[in-house]
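Notes follow the structure.
Coordinate-derived values only; no laboratory data. What you are looking at is a predicted structure, and each value in this text was computed from that prediction instead of being measured. Here the Cβ positions follow ideal geometry from the backbone for every residue, glycine too, while neighbour counts run over all protein chains shown.
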There are 2 protein chains.
Amino acid sequence: MNNMRLTLKSRPEGRLGPEHFDRVEEDLGPLADGKARIRVLYVSLDPAMRGWVSASTDSYLPPVPLGDTMRSLGVGVVEDSKSDAYKPGDWVTGMTGWTQFLDVGPGELSVVPQVASLEDYIGILGLPGATAWYGLVVEGEAKEGQTLCVTGAAGSVGSLVGQIGKALGLRVIGIAGTQEKCDWLVNDLSFDAALNYRTDDLDKGLKEFAPGGIDLHFENVGGDPFNAALKNMAPFGRMIFCGFISVYNGEATATPPEMTAIVRKRLTLKGYVMTDHFDKFPAIFQELGKLMMEGKLKYRLDVTTGLENAPTAFNKLFDGTNKGKLAVKVADL
Amino acid sequence: MNNMRLTLKSRPEGRLGPEHFDRVEEDLGPLADGKARIRVLYVSLDPAMRGWVSASTDSYLPPVPLGDTMRSLGVGVVEDSKSDAYKPGDWVTGMTGWTQFLDVGPGELSVVPQVASLEDYIGILGLPGATAWYGLVVEGEAKEGQTLCVTGAAGSVGSLVGQIGKALGLRVIGIAGTQEKCDWLVNDLSFDAALNYRTDDLDKGLKEFAPGGIDLHFENVGGDPFNAALKNMAPFGRMIFCGFISVYNGEATATPPEMTAIVRKRLTLKGYVMTDHFDKFPAIFQELGKLMMEGKLKYRLDVTTGLENAPTAFNKLFDGTNKGKLAVKVADL
């Protein structure tokens with residue numbers, strides 16, 4: 001059986017591109033006892049992956065070694081199994097990597113129930129959904145009636161943060177980077193308001209929306225949108241840090257944030273990494289499943305076809321040109 | 001009876017100076033029923049006062065109105081009383097302001113027991129002591145065996161943070177601005193190590209002292225020392241924000257902090273203002289009193305004599321030329 005996978009050839013200084021990967025074609029050989037062979041259907045493209053290819057050992061996961069298959073989340077189907085943990089036709093999720101096929105042992109990937117669409121398992125019922133719920137509800141301690149601001153609001157996590165916030169009775173303002181995204185947030189996702197950080201005066205817009213300040217802020221971006229939110233926090237507010245996509249490529253840093261606000265307003269800032277909390281996923285997916293059935297969570301995927309296109313598609317995250325959750329379709333079910 | 005007080009004439013752009021105050025000489029007249037007349041003995045000079053004279057209404061206390069007596073903490077003695085709450089000879093602490101005398105009603109100032117020296121009530125048993133204990137133990141959740149870093153380590157709060165940390169069994173490194181201060185921290189206060197931010201490589205020094213990272217950081221200064229600490233935090237560490245003296249005068253901002261560390265290391269950053277927690281002072285002073293009796297808290301005052309010298313003396317805080325807690329002696333007991 002022939003496989004193709006992309007391995008990390010070199011570490012990018014700035015943006016990731018096809019030049020940083022080798023394309024490996026190989027024959028997989030027979031399946032070993034105790035293993036299952038997975039055909040990958042989608043791989044997920046997430047901002048955090050930019051960190052995984054840097055040499056820094058100062059992060060929550062070790063760097064992807066040079067020569068290894070690129071690490072990524074994905075969903076697949078069991079093609080063949082010599083393990084009791086998997087049976088042919090099972091859907092599986094987890095760290096598949098950028099490969100068409102992989103052989104796994106028990107516990108390496110999770111079998112998911114076929115009660116939602118396959119695509120839901122890289123979105124609402126995948127890492128983005130879990131990240132949004134955990135950050136907003138557990139770390140953020142979201143409460144009905146609060147004012148919530150979210151940056152990267154049209155992204156895979158941000159769009160869910162805002163919708164979960166609305167479902168829980170918060171007032172929600174989103175910050176995004178195009179008018180189309182802002183319109184989508186307000187018209188389709190029922191955000192109370194949206195600001196375009198490329199064209200709107202964020203400070204003015206936030207003051208108008210939240211004259212008493214932001215109670216809870218969810219940060220995906222960093223830079224100027226973060227600074228504007230910090231300036232407009234309510235006393236004793238919470239700022240939850242999910243990501244800082246604006247600086248992942250080592251591009252010019254923004255104006256320094258006005259850190260004294262943390263003291264003056266007695267703020268709590270908290271960073272988290274969802275891969276620390278895999279044990280919480282089942283309970284979170286129960287909650288998200290309820291909201292899905294009530295029609296309260298809309299989601300859109302931005303799909304590129306063909307694993308070989310993953311490195312190029314990845315940069316849509318940093319251009320802000322993706323419309324919804326970015327994924328690569330590796331094969332049909 | 002003649003009084004002299006300093007009232008706020010104008011708001012400083014940069015540093016505070018004598019030019020921003022009017023000297024008011026007045027006859028106090030007879031004491032009203034229900035009031036006590038306080039003779040102020042010391043007024044405290046604290047970094048937070050720089051914020052109190054700015055026009056911003058975005059802080060935890062309203063700005064001092066132009067024409068009002070400058071707000072400050074102080075200690076005094078009851079000179080005369082027509083109130084059941086105070087009797088002549090009582091020592092009192094609280095917001096006296098920059099005045100030689102003031103008349104107060106019940107609850108405006110606190111009567112303190114005369115079991116320590118008068119000077120202790122503007123230091124260990126005053127706002128600095130309460131601030132140090134609350135920030136380190138309550139907000140910081142300090143635990144035996146942790147590695148603690150404190151900036152402004154030779155200051156009125158920082159020197160107590162480090163000593164309380166040592167008493168609770170933490171390893172303590174202090175960051176200060178002169179070699180004399182660093183020597184004092186290590187030789188007299190038993191800090192495990194000290195770094196001079198003007199001459200030492202902070203990143204290198206912190207890595208040597210805490211190869212596994214800083215568990216708990218106490219911030220008084222901001223700027224480069226903060227950035228170095230952020231870079232060297234341990235996963236799941238806590239950073240407690242008491243103050244940012246480096247930016248209070250609106251001087252040039254430092255290099256932006258590497259905020260992605262908050263996510264990568266899942267940090268919690270928390271700001272607090274001790275004037276929110278007056279109810280906790282008695283319990284905290286019990287604890288601090290015990291440590292004082294065990295000889296575990298050393299403290300030094302830097303006293304300027306004469307209320308009229310308060311505006312000039314204040315800037316020693318920002319030059320870093322004060323040696324210990326800065327105070328102005330207004331009168332002898």
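Mind jotting down the distance between the C-alpha centroids of the range A:128-170 and the range A:280-295, whole Å?
Here the answer is 14 Å between Cα centres.
Using a 10 angstrom Cβ neighbour count of at most 13 plus a DSSP loop assignment to flag exposed GluC sites (Glu not before Pro), which longest range of chain B is free of such sites?
The longest uninterrupted stretch comes out as B:14-143.
Between B:Leu66 and B:Met95, what length in nm is gained on full extension when 0.36 nm per residue of separation is reduced by their alpha carbon distance?
8.7 nm
In whole Hz and in residue order, list the ³J(HN,Hα) couplings for the range A:177-192 that follow from phi through the Karplus curve 6.51 cos²θ - 1.76 cosθ + 1.60, θ = phi - 60°; x for Gly and Pro.
x, 9, 5, 4, 5, 4, 4, 4, 4, 7, 7, 9, 9, 6, 4, 6
Rounded to whole Hz and in sequence order, give me ³J(HN,Hα) for the range A:213-225 from the Karplus expression 6.51 cos²θ - 1.76 cosθ + 1.60, θ = phi - 60°, writing x for Gly and Pro.
x, 8, 7, 9, 10, 10, 9, 10, 10, x, x, 4, x
Quick one: if you take sqrt(5λ) for each eigenvalue of the C-alpha gyration tensor of the range A:142-218, what semi-axes come out, biggest first, whole angstrom? Write down the numbers at each step before the final one.
On the way: eigenvalues 58, 45, 17 Å².
For the range A:142-218, the ellipsoid semi-axes come out as 17, 15, 9 Å.
I need the shape label for the range B:252-333. Rule: rounded when a/c is under 1.5, else prolate if a/b > b/c, else oblate, with a, b, c from the alpha carbon gyration tensor.
oblate
Could you check the spin-label model distance between B:Ser110 and A:Val115? Points 7 Å from the Cα along Cα→Cβ, value in nm.
Between B:Ser110 and A:Val115, the label points sit 5.6 nm apart.
Based on the Cβ-Cβ distance of A:Asn309 and B:Asp203, what FRET efficiency does E = 1/(1 + (r/R0)^6) give at R0 = 41 Å, to the nearest 0.05?
0.55
At a Förster radius of 25 Å, what calculated FRET efficiency corresponds to the Cβ-Cβ distance of A:Asp33 and A:Leu333, to the nearest 0.05? Please list the in-between numbers first.
Numbers: r = 27 Å, r/R0 = 1.07.
According to the calculation, E is roughly 0.40.
Do any of A:Lys265/A:Lys296; A:Lys143/B:Lys231; A:Lys231/B:Lys329; A:Lys265/B:Lys231 go past 27 Å between their Cα atoms, and which?
In this structure, A:Lys265/A:Lys296; A:Lys143/B:Lys231; A:Lys231/B:Lys329 lie more than 27 Å apart at Cα.
Between copies, how far does the label point of A:Gly14 sit from its twins, in nm, shortest first, when each point is 7 Å from Cα along Cα→Cβ?
3.8
For B:Ser54, A:Ser56, which order do you get if you count the other beta carbons within 10 Å of each Cβ and list the fewest first?
Working: B:Ser54 17, A:Ser56 12.
Ranking B:Ser54, A:Ser56 by Cβ neighbours within 10 Å, fewest first, gives A:Ser56, B:Ser54.
Only counting other Cβ atoms within 10 Å, I'd like A:Lys280, A:Lys329 sorted with the fewest neighbours first.
So the residues, fewest neighbours to most, are A:Lys280, A:Lys329.
Which residue fluctuates the most in chain A, going by a Gaussian network model with Cα springs under 10 Å, if the choices are A:Ala132, A:Ala85, A:Ala283?
Result for chain A, Cα springs under 10 Å: A:Ala283 fluctuates most.
For a quick check: with amide H placed at 1.01 Å from N, whose amide H comes under 5 Å from B:Thr304's, ignoring anything fewer than 5 positions away on the same chain?
Amide H neighbours of B:Thr304: B:Ala327, B:Val328, B:Lys329.
Just to be sure I understand: with springs between alpha-carbon atoms less than 10 Å apart, which residue in B:His277, B:His20, B:His217 has the highest mean-square fluctuation in the Gaussian network model of chain B?
B:His277
Return the sequence-ordered ³J(HN,Hα) values of the range A:18-35 in whole Hz as given by the Karplus equation 6.51 cos²θ - 1.76 cosθ + 1.60 applied to θ = phi - 60°, using x for Gly and Pro.
In residue order, the calculated couplings are x, 5, 8, 10, 9, 9, 9, 9, 8, 9, 6, x, x, 6, 7, 4, x, 10 Hz.
What does the C-alpha gyration tensor say about the overall shape of chain B? Classify as rounded when a/c is under 1.5, otherwise prolate if a/b is larger than b/c, or oblate.
Cα axes put chain B in the prolate bin.
Report, in degrees rounded to the nearest 10, the 0 to 90 angle that the Cα long axis of helix B:281-293 makes with the longest principal axis of chain B.
Tilt relative to chain B: about 70 degrees.
At 222 nm, what value in deg cm²/dmol follows for the protein assembly as shown if DSSP H runs of at least 4 each add -39500 (n - 2.57) and the sum is divided by all its residues, to the nearest 500?
Theoretical 222 nm ellipticity from helices: -5500 deg cm²/dmol.
List the aspartates and glutamates whose Cα lies under 13 Å from the Cα of A:Lys35, skipping any in the same chain that are fewer than 8 positions away.
Here the aspartates and glutamates satisfying the reach criterion relative to A:Lys35 are A:Glu79, A:Asp80, A:Asp84, A:Asp103, A:Glu108.
Restricting the calculation to Cα positions, tell me the Rg (one decimal) and the Dmax (whole number) of the protein assembly as shown in Å.
29.3, 102
Cα gyration tensor of the range B:127-275, axes a ≥ b ≥ c as square roots of the eigenvalues: rounded (a/c below 1.5), prolate (a/b > b/c) or oblate?
Rounded is the answer for the range B:127-275, as its axis ratio a/c remains below 1.5.
Percent antiparallel among DSSP beta bridges with both residues in chain A, to the nearest 5?
On the way: 31 of 57 bridges.
Of those bridges, close to 55 percent are antiparallel.
Mind checking which of B:Lys181, B:Lys166, B:Lys82 has the largest fluctuation in a GNM of chain B, springs on alpha carbons under 10 Å?
B:Lys82
Taking the Cα-to-Cβ direction at A:Glu13 and at A:Asp302 and moving 7 Å from each Cα, how far apart do the two end points lie in nm?
Distance between the two pseudo-spin positions: 2.7 nm.
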